[in-house]
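Down below is the structure, laid out as C-alpha cells.
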C-alpha cells in the first residue's frame, strides 16, 4: 500500500521490470462530505506511454500533464473494498453500478429478547440490512445463520447479498464481518434464485470469514462490493 503525501505530484514504480508512473492532482478536489473526491481532480496511471487508468473529471489536464495517449480500451471497475466501523449500526453510501447513483446502505445487528410464559428467557441476535431506508434483508436466529446469502431487488435490479458475521458473534476483541454485494445480470438470474433458496445449506457449509472472498462469480461481469464491518465495543 502507498499513500499520496502531497496533493499534487507523480511517482514511478517498477512492476515486473516495467516502469509505471502515477500522476495525481487533488489540490482543488471537492469532497462534499464524502470519503472520496467527486470533482476537480484526477489520478492517472501510465504504462508504455499509455494512460491505462484515469480517475476523475480533469481528463484534459491529466493527458496534458502525462503527455501520453489514452488507452484504446476503457477500464471497467471490477470490485471495491470498504471498511466501516461501528457498534451496532454500520452505514455507508455505495454504487452498485458504475453508471448508477449512490445508495444508502445500513447494516444493523441487534439482540432480540426471547419470551416464554415465564418471561424473558434469553436473547437472540438478528440482523437487518436497509437500502435507501427500506428493509431489504432481515435475518433472524443469527447465531445459526451467521453465514449465508440472499437475493434482493434494488430499483428493479437483482442484487445478491452474501454475509459472514461469525466473528461478530464468536470472537473476542475488535472483529469484523464480511458482506458482499453483487449485482446479477439477467443471464444469471435463474442461478441466483437457486442460490437464494439454498442459503441455509450454504450457511452451514461455508468456511471461515475469508472464504467468501474466494467466491466463484462465474457468469456475471458486474461490479462486486466487499464491505468489511468492524464491530467495536
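The values are calculated or read from the model by the stated rules, or taken from the named source; none is laboratory data. Computed from a predicted model, the values in this text were never measured in an experiment. Cβ coordinates were reconstructed from backbone atoms using ideal geometry, including for glycine residues, and neighbour counts include every protein chain displayed.
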Scan of the range 167-189 for residues that are outside any strand (DSSP E or B) and surrounded by 18 or more Cβ atoms within 10 Å (Cβ to Cβ), ordered by number: 167, 168, 184, 188
Matching strands (runs of 3 or more DSSP E) fully within the range 1-90 where at least 1 residues are under 23 Å from the mean Cα position of the chain (by Cα): 42-47, 50-56, 79-86
Test: residue 159 is outside any loop (DSSP other than H, G, I, E, B) and modelled with pLDDT of 95 or more: no
Set 95, 65, 59: member being over 30 Å from residue 173 (Cβ atoms), surrounded by 12 or more Cβ atoms within 10 Å (Cβ to Cβ), in contact with a strand residue (DSSP E or B) (Cβ under 9 Å, 6 or more places away or on another chain) and at pLDDT below 90: 95
Extreme residue, nearest to residue 93 (Cα to Cα), among residues of the range 131-156 that are touching a strand residue (DSSP E or B) at 6+ places or on another chain (Cβ under 8 Å) and part of a loop (DSSP other than H, G, I, E, B): 132
The one condition in (1) surrounded by fewer than 12 Cβ atoms within 10 Å (Cβ to Cβ); (2) over 30 Å from residue 125 (Cβ atoms) that residue 83 fails to fulfil: (2)
Long-range neighbours under 6 Å by Cβ, at least six apart or interchain, first residue farther than 16 Å from residue 229 by Cβ within the range 137-164, second part of a loop (DSSP other than H, G, I, E, B): 158/184; 160/184
Any hit, the range 112-130, residues being outside any strand (DSSP E or B) and at pLDDT below 90: yes
Hits in the range 91-101 - residues which are without any contact (Cβ under 8 Å) to a residue 24 or more places away in the chain and part of a strand (DSSP E or B): 91
Residue list for the range 138-153, restricted to those being closer than 14 Å to residue 109 by Cβ and surrounded by fewer than 18 Cβ atoms within 10 Å (Cβ to Cβ): 138, 140, 141, 143
